[in-house]
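Inspection log for the structure reproduced underneath, given as structure tokens.
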């Protein structure tokens, strides 16, 4: 009888471990499925079963003639259920994640594209490139179309609950729309799509060699975005007044822009960015390479940022007046800039930085290398850090100004800086520092500057070191940096924030591209 009890207990223990991994952690099976059309759904992480809470990377690819609609699952959560590539957080149960596809209404010429405005909730699939030789161009998108105004944007903005913007899906399938001209300087919400809202999703489309002229909320692809834009790009010239971006004029709080880029020039008054004018939502894995010119709140990627910018970069020159940054002009409210960089030159008057002009929130694990020239509150990374946080970041570009000039931060006002460094040459007249030009009731901890390359022996915060010392790992490990040595600059140890080739290189972020 005793042996039977032991056997039953053993069976119970085995049953209790079904769906469990090693170490007693319960794991659950993830099954990928498709519905409503033709396509594939893939678990990119490819390590099922998973523990509850694991973020799993997933991707949907629609077959020709179909469009991705959304993801669904009986339990668990999606980072963005409307994006074809996203992450799914495993629930504490086995789960089936379904990629839902729809038969896309084919778009083969400019007439088909124009017809989208008659059904803003439809699902569309671009079947080929559109250009000046495609049927309908002269009537709808040429310099003579619509009385010289060119293309009429699809969808218009309306106050909540909305309903006049594009709310369907548009799958470009990697095709390109070229030679688009829009000349509507007196109109707002201007772009190929004037307004995208709610479940509206645009993916896999490029707009090439565009000429877009609008008023407020003007972008090469989308004027105002409250939906999802993924794997898209724009090239050409975009000009507007307020809220102007190379790809998206204004990315609203509900909006997501990912895996997209823009090139060409962007010109506006205020709130101007190389990719998006203002960003209130999420911008990730994006870049911009064109020049940006504006007055206030001007950035190489985004003008003002009240949302999230991550894994992004910009390389074009940026020219403005106040609140000007190589990546973001003004970082405020819920603004977070991380894992990003800028390399273009930046010039302006006040509150000008190589990465961010003015930071009120957080900048982390980012860097800038471009030269910065301005009058006051000028920094290699951040012009003014006001009550904000800057950590695990660096700058190498030259900094030139008149007052409040710093190799990393021009003015640190009630802000916090930690685990940072700068190496660029710094020139100014008053309140000039190798790392920080001026500090008012802020904190600067475990941060350094190169006294030789900067030409500055003093700083209003931080510790000056020689070039040789700045390449010595013990300087940083002794300051409790999250750093480890690697054999050469092409190697990365991603388990640490910082990597360094001891006695050979300055510290570099483990995620940053190999140069």
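All of the numbers you see were taken from the coordinates with simple rules; none came from a lab. From a predicted model like this one, the values you see are computed outputs, not experimental measurements. Cβ coordinates were reconstructed from backbone atoms using ideal geometry, including for glycine residues, and neighbour counts include every protein chain displayed.
According to the Kirkwood expression over distinct Cα-Cα pairs, how big is the hydrodynamic radius of region 148-413, in Å? Intermediate values should be presented prior to the final figure.
Details: mean 1/r = 0.0582 Å⁻¹.
After inverting the pairwise mean of 1/r, the radius is 17.2 Å.
By how many nm would the segment from residue 333 to residue 146 grow when fully extended, if each residue of separation counts as 0.36 nm and the alpha-carbon distance is taken off? Could you put the intermediate results ahead of the total?
Details: separation 187, 0.36 × 187 = 67.32 nm, distance 4.09 nm.
So the extension gain works out to 63.2 nm.
For the chain, the equivalent ellipsoid derived from the Cα gyration tensor has semi-axes of 40, 37, 17 Å, listed largest first.
Computing FRET efficiency as 1/(1 + (r/R0)^6) for residue 111 and residue 416, where r is the C-beta to C-beta distance and R0 is 41 Å, gives about 0.10.
Sorted by packing (mean other beta-carbon atoms within 10 Å per residue), highest first, where do 249-255, 315-321 land? Please list the in-between numbers first.
Details: 249-255: 24.9, 315-321: 23.0.
Averaged packing, sorted descending, gives the order 249-255, 315-321.
On the principal axes of its alpha carbon atoms, region 406-499 extends 42, 26, 20 Å, with the longest extent given first. The ranking of 109, 441 from fewest to most other beta carbons within 10 Å of each one's beta carbon is 441, 109. Distance between the C-alpha centres of region 358-410 and region 201-246: 29 Å, rounded to the whole angstrom. Rounded to the nearest 5, the antiparallel percentage of DSSP beta bridges internal to region 313-401 is 0%.
Applying 1/(1 + (r/R0)^6) with R0 = 30 Å to the Cβ-Cβ distance of residue 72 and residue 129, what FRET efficiency is obtained, to the nearest 0.05? Intermediate results must be reported in sequence, preceding the final value.
Working: r = 33 Å, r/R0 = 1.09.
Efficiency for this residue pair is about 0.40.
Of all DSSP beta bridges confined to the chain, the antiparallel ones make up roughly 15%.
Mind checking the full-extension length gain between residue 254 and residue 121? Use 0.36 nm per residue of separation minus the Cα-Cα distance, one decimal, nm.
On the way: separation 133, 0.36 × 133 = 47.88 nm, distance 1.77 nm.
Extra length available between residue 254 and residue 121 comes to 46.1 nm.
For the pair residue 63 and residue 440, a Förster radius of 56 Å applied to the C-beta separation gives a FRET efficiency near 0.40, rounded to the nearest 0.05. Scoring 376-388, 479-491 by mean Cβ neighbours within 10 Å over their residues and listing the highest first yields 376-388, 479-491.
If the segment from residue 40 to residue 493 were pulled out straight at 0.36 nm per residue, it would be longer than the present Cα-Cα gap by 159.7 nm. Put simply, when 400-406, 333-339 are sorted by average Cβ atoms within 10 angstrom per residue, most first, you get 400-406, 333-339.
Placing a label point 7 Å from the Cα of residue 482 along the Cα-to-Cβ direction, the residues of region 495-515 whose backbone N falls under 18 Å of that point are 495-500, 507-513.
Helix-only arithmetic for the chain: the sum of -39500 (n - 2.57) across DSSP H runs with n ≥ 4, divided by the residue total, places the mean residue ellipticity at 222 nm at -1500 deg cm²/dmol.
Among DSSP beta bridges lying fully in region 79-185, give the percent that are antiparallel, nearest 5.
On the way: 1 of 8 bridges.
Counting only bridges with both partners in region 79-185, antiparallel ones make up about 10 percent.
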